[in-house]
Amino acid sequence: MSKHQPDWPEPIVRVQSLSESCFDSIPERYIKPSTDRPSSGTSNFDDANNIPIIDLGGLGGADHHVSSSILKQISDACKDWGFFQITNHGVDPDLMDKVRETWRQFFHLPMELKQQYANSPKTYEGYGSRLGIEKGAILDWSDYYYLHYLPLSLKDCNKWPNLPPQCREVFDEYGRELVKLCGRLMKVLSINLGLDEKILQNAFGGEDIGACLRVNFYPKCPRPELTLGLSSHSDPGGMTMLLPDDQVPGLQVRKFNNWITVKPARHAFIVNIGDQIQVLSNAIYKSVEHRVIVNSDKERVSLAFFYNPKSDIPIEPIKELVTVNTPSLYPPMTFDEYRLFIRMRGPRGKSQVESLKSPK
């Protein structure tokens with residue numbers, strides 16, 4: 001990242017502090033244009049509208065019918081939704097609950113302790129309250145904490161919170177488990193593209209990949225109909241593994257111009273395709289717009305684990321997927337270049353990845 005990148009354009013206001021002081025209104029900085037507000041095209045959840053829930057229990061087992069059924073369910077979900085939930089994924093449910101509640105405790109620490117970890121837009125690592133550096137931008141109703149797991153050269157545990165007690169050990173164990181789980185899913189995605197199971201992972205840089213975590217804290221909001229916890233965007237990285245709040249829904253996924261509110265399954269992860277896999281698959285798999293709504297009665301905590309390509313290798317459609325009939329849709333661009341492009345602009349629907357398409 002450039003050493004000359006600017007700092008935040010304005011003093012940072014913690015949304016959690018606003019939540020505690022605002023009773024019947026919110027500052028104008030958080031009020032979205034009417035077309036972007038939650039009521040615009042929202043569909044409440046029901047089972048028919050929920051993203052697919054896929055049981056990974058038989059994946060790679062002796063029963064080939066079960067295994068191939070799971071592969072097909074994942075393939076269909078990647079093409080039709082760009083999102084799916086997974087159960088029986090191998091990560092200990094107790095660890096999932098523990099890591100979420102440990103982060104919740106962090107956000108309830110006194111402000112002066114959290115402020116020691118305040119971030120800057122140079123790396124975004126630490127405790128933050130905005131994305132993008134446009135002065136006067138309309139902001140989202142959320143605070144967050146961002147940290148790196150991989151590569152090890154970027155992993156700096158001193159930038160991780162040291163409270164609540166033992167939290168670093170919990171965060172570290174969680175990161176190791178999710179790197180393993182993402183590696184399993186990468187093989188599945190590769191096989192479903194008709195490729196050798198290692199091709200997609202190799203295109204990411206093999207073992208030398210990036211992994212980071214953004215923990216989202218959505219405080220209670222007195223006017224949830226006017227704002228969003230996170231504006232509409234597609235994820236810039238490779239694949240995202242979301243551990244949602246176990247009590248309060250909030251994630252909405254765009255489907256046929258409707259916003260579907262996701263109903264999280266117990267101890268499931270919500271998986272979604274990021275822009276880098278859209279590029280590598282030559283748009284066979286598509287990253288999908290999503291956003292987060294907030295709540296007047298309850299706070300929410302969610303953990304988004306991003307599994308990304310090595311930052312300095314060019315990402316372009318895999319050569320086996322490029323034919324005369326399906327020419328390459330995207331020019332090569334490293335993830336570092338793409339991430340810088342995004343960070344300057346903040347969340348903007350799917351316009352970021354679409355603007356990369358090669359001219360016809």
*asked:* Test of the criteria: in the range 171-226, which trypsin sites (Lys or Arg not before Pro) are in a DSSP loop and have at most 14 other Cβ atoms within 10 angstrom of their Cβ?
replied: LYS198
_Dipole of the range 12-119, positive end: most advanced residue of VAL15, GLN73, HIS89 [Cβ charges, Cα centre]_ = VAL15
*Pairing the Cα long axis of helix 167-192 with the longest principal axis of the chain, what angle in degrees results, from 0 to 90 and rounded to the nearest 10?*
30
*Using alpha carbons only, how many degrees (0 to 90, rounded to 10) separate the axis of helix 64-80 from the longest principal axis of the chain?*
60
*Collect residues whose amide H, placed 1.01 Å from N in the peptide plane, falls under 5 Å from the amide H of LEU131; neighbours closer than 5 in sequence don't count.*
ASP140
*Looking only at GluC sites (Glu not before Pro) in DSSP loops with at most 15 other Cβ atoms within 10 Å, what is the longest site-free stretch of the chain?*
208-360
*What accessible area, in Å² to the nearest ten, does a 1.4 Å probe give for ASP297?*
120
*Would you kindly derive the ³J(HN,Hα) couplings of the range 232-243 from the backbone phi angles with the Karplus curve 6.51 cos²θ - 1.76 cosθ + 1.60 (θ = phi - 60°), listing them in order in whole Hz, with x for Gly and Pro?*
4, 6, 10, 6, x, x, x, 9, 10, 10, 9, 9
_Of LEU150, LEU163, LEU181, farthest towards positive along the dipole that unit charges on Lys, Arg, Asp, Glu beta carbons give the range 128-227_ = LEU163
*asked:* Lysine pairs in the range 77-190 with Cα distance under 27 Å, only those 8 or more apart or on different chains: how many are there?
replied: 17
*Considering the options ALA211, SER190, PRO224, tell which one lies farthest towards the positive end of the dipole of the range 190-242, charges being +1 on Lys and Arg and -1 on Asp and Glu at the Cβ, about the Cα centre.*
PRO224
*For every other residue with a beta carbon closer than 10 angstrom to the beta carbon of CYS212, add +1 if it is Lys or Arg and -1 if Asp or Glu, then tell me the sum.*
+1
*Based on DSSP H runs of at least 4 residues, each adding -39500 (n - 2.57), what is the mean residue ellipticity at 222 nm of the chain after dividing by all its residues, to the nearest 500 deg cm²/dmol?*
-8000 deg cm²/dmol
*Residue-normalised accessible area of the chain, given per residue in Å² at a 1.4 Å probe*: 44
*Using alpha-carbon coordinates, inclination of helix 93-107 to the longest axis of the chain, degrees*: 30
_In sequence order, calculated HN-Hα J values of the range 315-330 (Karplus, 6.51, -1.76, 1.60; Hz; x Gly/Pro)_ = 9, 8, x, 4, 4, 5, 9, 9, 9, 4, 7, 10, x, 4, 8, 9
*Please report, as a whole percent, how much of the solvent-accessible surface of the chain comes from carbon and sulfur atoms (probe radius 1.4 Å).*
53
*asked:* Give me the one-decimal nm value for the distance between modelled label points at ASP24 and ARG104, 7 Å along each residue's Cα-to-Cβ direction.
replied: 3.0
_³J(HN,Hα), Karplus 6.51/-1.76/1.60, whole Hz, each residue of the range 27-33, x for Gly, Pro_ = x, 4, 4, 9, 8, 7, x
*asked:* Under the rule of at least 5 residues apart or a separate chain, name every residue whose amide H is placed under 5 Å from the amide H of ASN162.
replied: none
*Can you give the relative contact order of the chain as a percent, counting alpha carbon pairs under 8 Å and 6+ residues apart?*
22
*Given H placed 1.01 Å from N in the peptide plane, which residues other than close sequence neighbours of LYS255 have an amide H under 5 Å from its amide H?*
ILE260
_Charge dipole (debye, nearest 20) of the chain; +1 at Cβ of Lys and Arg, -1 at Cβ of Asp and Glu_ = 720
*asked:* I'd like the distance separating the alpha-carbon centroids of the range 250-272 and the range 151-179, in whole Å.
replied: 27
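The values are calculated or read from the model by the stated rules, or taken from the named source; none is laboratory data. Note that the coordinates shown come from a computational prediction; the quantities given were computed from them, not determined experimentally. Don't worry about glycine lacking a Cβ; one is built from the backbone with ideal geometry, like all the others, and counts go over all protein chains shown. Quick note on the areas: whole protein, heavy atoms, side chains included, nothing else; ligands and nucleic acids left out. Shrake-Rupley method; radii C 1.70, N 1.55, O 1.52, S 1.80 Å.
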